[in-house]
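Data block below; observations after.
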Amino acid sequence: MFLSVFDMFKVGIGPSSSHTMGPMVAAARFLDLMRASPFEFAGLRGSLHGSLAFTGVGHATDRATILGLAGFVPDTYDNEKAEAALAAIAETHTVTPEGLPTLQFDPKADLIFDFDNNLPGHANGMILMATDAQGDVILRQVYYSIGGGFVLTEEELAEGKATDEGAPVPFPFKSAAEMLEMAKASGKSIAAMKRDNEISRGCADSFAKGSARLWQVMNDCIERGLSTDGILPGGLSVRRRAKGIHDALIAERGMNLNAPHTINDWMSVYAMAVNEENAAGGQVVTAPTNGAAGVLPAVLRYYLDHVPGASESHVEDFLLTAAAIGGLVKFNASISGAEAGCQAEVGSAAAMAAAGLCAVMGGTPEQVENAAEIALEHHLGMTCDPVAGLVQVPCIERNGLGAIKAVSAASLALRGDGQHFVPLDAVIETMRQTGHDMHEKYKETSLGGLAVNVPNC
């Protein structure tokens, strides 16, 4: 099993990796399929199913799909160009993706929210179709957005999630137990093994540059969130709070009046800054999803700004360790809120962040595994119930609390010797089972929980 750091952490746009980035990626893949086809196309159609239908408007799924069919992709997304493209599509009812003819596409008529028919492979399903001049469908593909911006066709999903067509890697661990066995046998840290795997599939220099860019985008996102106030879009009139909290924390510095627990406010404000940016549709890094994008950057920023002896030279090890843990969770359970609730998103993010922090503070592989286990264990059963389908309430604050749990988990693990009662693999499997048993209304459909028990305006 190999999942690259750059698969686990992807630069994209808010508010959702599964509901915004995934559909945009799926649309881009469909355009590539059309370009490789011998048919002559004249139009496009699509339908959104399951969670993509129920919370699609709040998550901007329709907007993302439309822009994806127009040729936009998350990594190079430009909001100004996107707004111009949406206006042109609304007026002309056509899209003109590169390498294809002008295609008829009226979003109001040709993109359907199908609330009645779930697709069998995953809660986040969509169907994209291309038509001929007579309006008959001549190309059709089912896509599933499985969390974290990952997209599979129905054929790829049927082949199994263990499929990896790349060259063998030096340390192909599929479980935490295997990871610890390989670390012990090799004498390497988890980050070192993960780095060897990455370099075996690429170039050491490009990996270093790529990981540096990931942290730069994460940190820039924090900074934008800390300096921007106002009301978040979507209709709930949720106001940004990160700037006000941060300004107050800065003003209190040096006054010798702060209670020790004020450090929790710093962790929270970093995470909230990211998720307020995400809610506004800004540029974020999936970590492992957009809905949980604030946890890991907040913990890393906490380490760099508040831990004595911290060094930016350790950022790469932090990301490598976190990605190793995230890969185990994704491979053996899920990182999708629509599939397993928020335990799969903020819970996974907290486990990844706890592992990364433990590693850069000198933790052994056993302590790192323990840190991840503690963080994930205490998110088990967490539902995904966004009010009005927006990634705002309770998502923004939940990232702050996830960061605090991650730091606490790392600290507890570092106080021990790595020996503990519950293995990480058992917690990951428990999370998978809990997600399977969880009622659908608590899995990113906005049909239960806070989504129906608080007013939407």
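The magnitude of the dipole of the chain, with charges of +1 and -1 set on the Cβ of Lys/Arg and Asp/Glu and taken from the Cα centre, is near 740 debye.
Protection proxy ranking of 192-200, 400-408, 252-260, by the mean of other Cβ atoms within 10 Å over each peptide's residues and highest first, is 400-408, 192-200, 252-260. Putting +1 on Lys and Arg Cβ atoms and -1 on Asp and Glu Cβ atoms, find which of Phe421, Tyr143, Gly234 reaches farthest to the positive end of the dipole of the chain. Going by the charge dipole, the pick is Phe421. Quick check on segment 307-431: take the gyration tensor over C-alpha atoms, sort the square-rooted eigenvalues as a ≥ b ≥ c, and tell me if it's rounded (a/c under 1.5), prolate or oblate. Prolate, because a/c is 1.5 or more and a/b exceeds b/c. Of all lysines in the structure, those lying under 24 Å Cα to Cα from Lys174, and not within fewer than 8 positions of it along the same chain, are Lys10, Lys161, Lys184, Lys188, Lys194, Lys330.
Here segment 254-324 is treated as a Stokes sphere of Kirkwood radius computed over C-alpha pairs; at 4 °C and 1.567 mPa s its diffusion coefficient rounds to 97 µm²/s.
Dividing the Cα radius of gyration of segment 1-100 by its Kirkwood radius returns 0.98 for Rg/Rh. For the chain, the relative contact order works out to 19 percent when only alpha carbon pairs closer than 8 Å and six or more residues apart are counted. Please state the shape class of segment 249-392: rounded when a/c is under 1.5, otherwise prolate if a/b exceeds b/c and oblate if not, all from the C-alpha gyration tensor. Cα axes put segment 249-392 in the oblate bin.
Taking the inverse of the mean 1/r over every pair of distinct Cα atoms in segment 32-169 gives a Kirkwood hydrodynamic radius of 16.0 Å. Protein heavy-atom surface of the chain, 1.4 angstrom probe: 53% of the accessible area is carbon and sulfur, with nucleic acids and ligands not counted.
Here segment 124-225 is described by how far its Cα atoms reach on the three principal axes: 64, 40, 24 Å, from widest to narrowest. Run a plain Debye calculation on segment 194-317 (Cα atoms as equal point scatterers, no solvent) and give log10 I(q)/I(0) at q = 0.13, 0.14, 0.19, 0.23 Å⁻¹, rounded to two decimals, same order as the q list. Each listed q corresponds, in turn, to -0.60, -0.68, -1.06, -1.34.
Placing one equal scatterer on every Cα of the chain and applying the Debye formula, the log10 ratio I(q)/I(0) at q = 0.09, 0.10, 0.11 Å⁻¹ is -0.56, -0.69, -0.83.
Quickly estimate the mean residue ellipticity at 222 nm for the chain, helices only: each DSSP H run with n ≥ 4 gives -39500 (n - 2.57), and the total goes over all residues, rounded to 500. Show your work: numbers first, answer last.
Values: 20 runs with 231 residues, N = 457.
Calculated at 222 nm, the ellipticity per residue is -15500 deg cm²/dmol.
Overall shape of segment 397-454 was characterised from the C-alpha gyration tensor. The equivalent ellipsoid obtained from it has semi-axes of 30, 18, 6 Å, in decreasing order.
For segment 376-427, the Kirkwood hydrodynamic radius comes to 13.0 Å, computed from all pairs of different C-alpha atoms. At the listed q of 0.12 Å⁻¹, the Debye profile of segment 302-381, built from one uniform point per Cα, gives log10 I(q)/I(0) equal to -0.33.
The values are calculated or read from the model by the stated rules, or taken from the named source; none is laboratory data. Everything numeric here is computed off the predicted structure, so don't read it as measured data. Glycine gets a Cβ as well: all are built from the backbone with ideal geometry, and neighbour counts include every protein chain shown. The accessibility values were calculated without ligands, DNA or RNA, using every heavy atom of the protein model including side chains. Shrake-Rupley method; radii C 1.70, N 1.55, O 1.52, S 1.80 Å.
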